[in-house]
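One structure below.
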Amino acid sequence: MNNEKGHQAGDEHKNDRDVCLVIHTSLGKWQSNFDKTTKVSEVITATINHFGFDRSGKYALVMKSTSETLKPERTLVSYGFSEVCQDVNFTDKGNAAYGNQ
């Protein structure tokens, strides 16, 4: 699986090693599957590439349900994500990439 780009949800590469994320940004949302062992930092890079965000930003992923900021060095599986798609916000210092502009 190519973690840099992720896979579109529902594609033929989805398997029991995948985690579905719905990533909400100021430019829209992106639903994609990532291998469970993908680091949060790799999901951030894939999101930057997918939407074309400025690479100089300081980005983070935040769980919509708990407002917990996901640590870049941790893997998706370390957060116990299930087979249900997880909603996360993509932020630049908490506001520039998501929310009211």
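Taken together, the values in this text are just the output of simple stated rules run on the coordinates, not laboratory data. Source: prediction; values computed, not measured. Neighbour counts run over all protein chains shown; Cβ positions are idealised from the backbone, glycine included.
A few notes on this one:
- Taking 7 Å steps out from each Cα toward its Cβ at LYS71 and LEU27 produces label points 2.9 nm apart.
- Between the residues THR37, PHE81, LEU70, the greatest Cα displacement towards the positive end of the dipole of the range 7-92, with unit charges on the Cβ of Lys, Arg, Asp and Glu, is found for LEU70.
- Segment ASP16-LYS58, length gained on full extension (0.36 nm per residue, minus Cα span): 12.0 nm
- Summary of packing: across the peptides 42-51, 66-75, the per-residue average of other C-beta atoms within 10 Å ranks them, highest first, as 42-51, 66-75.
- Taking amide H as placed 1.01 Å from N in the peptide plane, THR38 has its amide H under 5 Å from the amide H of LEU76, VAL77, each at least 5 places away in sequence or on another chain.
- Using a cutoff of 8 angstrom between alpha carbon atoms and counting only pairs six or more residues apart, the relative contact order for the range 7-92 works out to 36 percent.
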